[in-house]
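To keep things clear, I will list the structure first and then write my remarks on it.
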Amino acid sequence: KVNLGGIPGSLFESEMFGHVKGAFTDAKSDRIGRFEMADNGTIFLDEIGDMDKSSQVKLLRVLQDQTFQAVGSSANRRCNVRVVAATNCDLHQLIANNQFREDLLYRLNLITITLPPLRERRGDIANIAQHVLTQVCQRYGLETVNLTQEAQSWLTKQNWPGNIRQLTQTIERAVLVNDNDELNVQSFTDSEHISESNQPSSSELP
């Protein structure tokens, strides 16, 4: 998994394709890049819409012929990887604004899965919340914490502009500030961390 939004353009080649010893001042040893690490497996490119144009050209090259060169090396290396990419950006709009390469989109866009925001699939929220709650309890070594039906209903009515990340943070905080084995509506409202933008509109209120 690679968060492309967190890789500066100047480090893209070294991070993705690796480098050889002496390629630059701090290159004190050979380094394997992400594509070589993922050989015969899958590489997940997250936040692909945040890449700069220069990095897009370099990514397109390896996607087209499955070969690359480590920084400081003239030898071609080959990799066999399945590429999965994700973004919350409208790539077609970025193309219109000359911020994303159209040929890179078509190279990536073999199969598209559009995941609607939580507010457009409220029927999934309760199940996702329960899954997140289980993960949070495991992470902190806690006994099982139950989510009441009223709390599930309340969570379902929120707008969640931050989607899964916001839902996860909300549940995690509620678990940490409530010293009991059950989360109810008050467990969330007492935490005072639900912003006004997350409140249901008047038309959604019961």
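The values are calculated or read from the model by the stated rules, or taken from the named source; none is laboratory data. A quick note: this is a predicted structure, and the numbers were derived from the prediction, not measured. Positions of Cβ are backbone-derived with ideal geometry, glycine not excepted, and every protein chain shown enters the neighbour counts. For accessibility, only protein heavy atoms count, side chains too; no ligands or nucleic acids. Shrake-Rupley method; radii C 1.70, N 1.55, O 1.52, S 1.80 Å.
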Residue hits (the range 100-119; among the basic types (K, R), within 14 Å of L60 (Cα to Cα) and not in a loop (DSSP other than H, G, I, E, B)) are R107
Is it the case that some residue within the range 38-53 is among the polar types (S, T, N, Q) and at pLDDT below 95? no
How many residues of the range 57-99 are outside any loop (DSSP other than H, G, I, E, B) and closer than 27 Å to I113 by Cα? The answer is 21
Over the range 12-34, the set of residues closer than 17 Å to R61 by Cβ and either at pLDDT below 90 or open to solvent by 30 Å² or more (accessible area, probe 1.4 Å) (or both) is E13, E15, R34
Q130 passes all but one of the listed conditions (1) part of a loop (DSSP other than H, G, I, E, B); (2) surrounded by fewer than 18 Cβ atoms within 10 Å (Cβ to Cβ); (3) at pLDDT 95 or above; the exception is number (1)
Within the range 35-56, of all residues that are assigned to a helix (DSSP H, G or I) and of a type in the set (G, A, S), the one surrounded by the fewest Cβ atoms within 10 Å (Cβ to Cβ) is S54
Considering the range 61-80, residues that are open to solvent by less than 10 Å² (accessible area, probe 1.4 Å) and aliphatic (A, V, I, L, M), and then whichever is farthest from L11 (Cα to Cα), we arrive at V62
Filtering the range 143-194 down to residues that are part of a helix (DSSP H, G or I) and among the charged types (D, E, K, R) yields E150, K157, R165, E172, R173
Within the range 96-113, residues surrounded by fewer than 18 Cβ atoms within 10 Å (Cβ to Cβ) and charged (D, E, K, R) come out as E102, D103, R107
For the range 72-84, pairs from a residue that is free of Cβ contacts under 8 Å to residues at least 24 places away in the same chain and within 21 Å of V2 (Cβ to Cβ) to a residue that is hydroxyl-bearing (S, T, Y) and open to solvent by less than 50 Å² (accessible area, probe 1.4 Å), with Cβ under 7 Å and 6 or more apart or across chains, are R78/T67
Quiz item: Hey, does the range 43-61 have a residue that's under 17 Å from the mean Cα position of the chain (by Cα) and aromatic (F, W, Y)?
Solution: yes
